[in-house]
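The values are calculated or read from the model by the stated rules, or taken from the named source; none is laboratory data. Everything numeric in this text was worked out from a predicted model, so none of it was measured. Backbone-built Cβ (ideal geometry, glycine too); neighbour counts: all protein chains shown.
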Amino acid sequence: MIEQVFASLPEGIATTPPGAALGALLEQVDPRAVSPHDAVTLARAWRRQLSHHEARFALAAREAALADPDRPGGRREGYGEFSADELRAALVESRTRVSKLLGQADTAIAAIPPLWAAWDAGRIDTDRVRLCITWTSSLSAEHAARVVRRVLPDAPRLTLSGLVERLQQLATAIDPGWAARLYDNTRRQRRVRSRRTEAGTVNLSGLDLPLDAAARSIAHVETLALRAKAAGHPGLIDTIRADVYLALLRPRTAGLDDEALVAAVVAAADPSDHRGRPAPQHIHRPHPDAPTDGPPDQSDQPAERDPRAEPAEPAEPAEPAEPAEPAGTAASRGRGGGTRRSRIELRVGLATLLGLDEKPAMMPGHGVVHAPLARHFVRQLCTAQWRVAVTDPHGLPIAALLPRRRPRGYATTPADDAPITPRPVLEMHIDAAALARLRPDDHPGWSEVLDELHHQLRAWSPPDPRTPEQTARRVPSPALARWIQIRDRSCVFPPCRASALVADLDHTLAVAAGGQTLEVNLGPVCPHDHHLKHAPGWHLEQTAPGDFTWTSPTGHTYRQPPQPVRPDLPDPAPGQCRSNTTPDQPATDDAPIWINDPYPDTGGPPAPPPTPHPRPPHRHGLPDDPPF
């Protein structure tokens, strides 16, 4: 092996606050000359410095817009009609870009000073600053500042989409009435729009659809697409989804059951389309290409039951069997089953469902759900697997219960509602002390459920195997798999947010290397990060149940500590000013479905921006594609 010589980093580069001192240190280093370990340290330092420079640029731009040689001191108190125009010329930017820049700067500097301080200190980058401003822009200034102040300590550790969800959680918790009104007002503007692309194809979109109906529709399209792939459709899964989407809307296929519709999609496959992988991963068998711990394992994912084959999960000691699914469910599914990727998952507080609070729920993959909508949606999930995570005072799980009973009035789904494959999961959480205080007689509709939960909690014991033979099994029991999914919440690679329900259940120490099927040796890992774990140089260790540390090839370590099941959310706080609940784009009674738009990627030519204002106009963008 050839010994390599690398340049050393200047002392203190990892801890020096951003500014002139850090800039001088950074300018001494050629990134191509340092070791792999130091290259990561250097990238972090440059990011802190970049955030500092962008914060100072925003400050300078704001002062330039306020500059007025005719005023005492050479500046005005607020923006004027033409405040942005000299910056347009100086920076060679459009009015829209300058307006956004000044709105962002004014909000961070004047309305939420802690946000600008964190930005200037390099603790939070510009993308996260923009999200903090954009996703609180419809709140009153008072509530927006409160939400941002609360999220700032966690923001550096959250991905962009994770930050958006946390902002939504806090905003909805602080002002649940605003969240419900905004949702209802926007839902009433639902519409369908089509737009021709530059290539001549068409984008056909449903906008502002109800979350519950849209989630079930997405799951249905995904399920049918994966059945079509399993039935021999040769295309990419994206292409097959589009074919299913059109087939569901075409008059020619109207009235077909799922099996006939899948057959029609397969028969109409375009042989000129790009070819995809031959088969999807089904809930009743592992994917043949799934990453492994090494021989003799073929997959770490526990085989979930095929709901078509048996009405209930096999009962374990002290664990109730699950309720059977409605008659006709299996027949309606057709061949091929579904996949875990098409699964609906709703996480909500039991107290919220009982009407004791208005805390928001969460749908992994969809985002925050305000309390009234969550209670409405739960009534549609009576045939889902219901789980109850009982937590300690810190929100960490201490028991995972599986209630068999349903509240009064939740017994059946609407007759016209097609069953979902695979089975949805409803996860409720509640503090153990709060559960003990719940008296069934005080909640008549839920009395049988609460009685059952009290009984199950008294009988609860950890789901680890009880015998050496069970410990040596590669596949964990359903109870142990469920406990790991509840405990870890998501893929255990720190930045990853893939739900544990759709991740591989991985042995931290491979079975082939002597790893056992125990709580302390299991964790959910998404397919990409499962491959990463087995890539050269990467190492995963579980130092305690639910506490994971990844070591990279460069020698850096990244910890994923135990995740709370019950989110830390504030109580509602009525504000002095009312937040905005006006939808961005209202529906009309005379607008055509077709949008003749020559700017398909931007939504239209830039409109003249309003006078810069501390509260920028409300706008929603993709969580990982922040608006600029």
Looking at (1) at pLDDT below 95; (2) not in a helix (DSSP H, G or I); (3) not acidic (D, E), find the lone condition where H429 falls short.
(1)
Those residues of segment 511-548 which are closer than 18 Å to P494 by Cβ and of a type in the set (D, E, K, R), in sequence order
D529, K533, E541, D547
Given the criterion at pLDDT 95 or above and surrounded by fewer than 22 Cβ atoms within 10 Å (Cβ to Cβ), identify the matching residue among A117, A141.
A117
Within the set of pairs 6 or more residues apart or between chains, which connect a residue that is closer than 25 Å to H454 by Cα inside segment 363-388 to a residue that is among the small types (G, A, S) with Cβ atoms less than 6 Å apart?
A374/A361
Being among the acidic types (D, E) and farther than 13 Å from E519 by Cα is the filter here, so list the residues in segment 457-472 that pass it.
E469
Taking L59, is it surrounded by 20 or more Cβ atoms within 10 Å (Cβ to Cβ) and either outside the structural domain of V148 (by TED's automatic domain parsing) or under 22 Å from A141 (Cα atoms) (or both)?
no
Considering only residues that are surrounded by fewer than 17 Cβ atoms within 10 Å (Cβ to Cβ) and part of a helix (DSSP H, G or I), look in segment 249-258 and name the one that is modelled with the lowest pLDDT.
T253
Scanning segment 454-488 for residues that are more than 30 Å from the chain's Cα centre (by Cα) and either in a loop (DSSP other than H, G, I, E, B) or among the β-branched types (V, I, T) (or both), which turns out nearest to L426 (Cα to Cα)?
W460
Please determine, by comparing only the residues of segment 335-371 that are assigned to a loop (DSSP other than H, G, I, E, B) and surrounded by fewer than 21 Cβ atoms within 10 Å (Cβ to Cβ), which one is modelled with the lowest pLDDT.
R335
Do we find that G575 is in a loop (DSSP other than H, G, I, E, B), in contact with a Ser or Thr (Cβ under 9 Å, 6 or more places away or on another chain) and at pLDDT below 95 in this structure?
yes
Over segment 500-518, the set of residues out of contact with any strand residue (DSSP E or B) (no Cβ under 6 Å at 6 or more places or on another chain) and either assigned to a loop (DSSP other than H, G, I, E, B) or within 19 Å of M428 (Cα to Cα) (or both) is V502, L509, A510, G514, Q516, T517, L518
Failed criterion for V262 (all others in (1) closer than 30 Å to M362 by Cα; (2) in a helix (DSSP H, G or I) hold)
(1)
What's the total number of residues in segment 186-206 that are without any contact (Cβ under 8 Å) to a residue 60 or more places away in the chain and assigned to a strand (DSSP E or B)?
4
Mind checking which residues of segment 167-190 are surrounded by fewer than 22 Cβ atoms within 10 Å (Cβ to Cβ) and either in contact with a strand residue (DSSP E or B) (Cβ under 6 Å, 6 or more places away or on another chain) or within 17 Å of G575 (Cα to Cα) (or both)?
Q168, P176, G177, A180, R181
Unmet requirement for V147, which otherwise passes all of (1) among the β-branched types (V, I, T); (2) at pLDDT below 95; (3) surrounded by 18 or more Cβ atoms within 10 Å (Cβ to Cβ):
(2)
Which condition breaks for D568 when tested against (1) touching a Gly at 6+ places or on another chain (Cβ under 9 Å); (2) more than 21 Å from D392 (Cα to Cα); (3) part of a loop (DSSP other than H, G, I, E, B)?
(2)
Determine whether D451 is surrounded by fewer than 17 Cβ atoms within 10 Å (Cβ to Cβ), part of a helix (DSSP H, G or I) and touching a helix residue (DSSP H, G or I) at 6+ places or on another chain (Cβ under 6 Å).
yes
Does segment 1-20 hold any residues that are small (G, A, S) and out of contact with any strand residue (DSSP E or B) (no Cβ under 6 Å at 6 or more places or on another chain), and which are they?
S8, G12, A14, G19, A20
Search result, residues across segment 1-35 that are β-branched (V, I, T) and assigned to a loop (DSSP other than H, G, I, E, B):
I2, V5, I13, T15, T16, V29
If A108 satisfies all but one of (1) under 25 Å from the mean Cα position of the chain (by Cα); (2) over 22 Å from A45 (Cα atoms); (3) at pLDDT 95 or above; (4) not polar (S, T, N, Q), what's the number of the condition it fails?
(1)
Residues to consider are L22, L42, L66, L26; find the one that is surrounded by 15 or more Cβ atoms within 10 Å (Cβ to Cβ) and in contact with an Asp or Glu (Cβ under 9 Å, 6 or more places away or on another chain).
L66
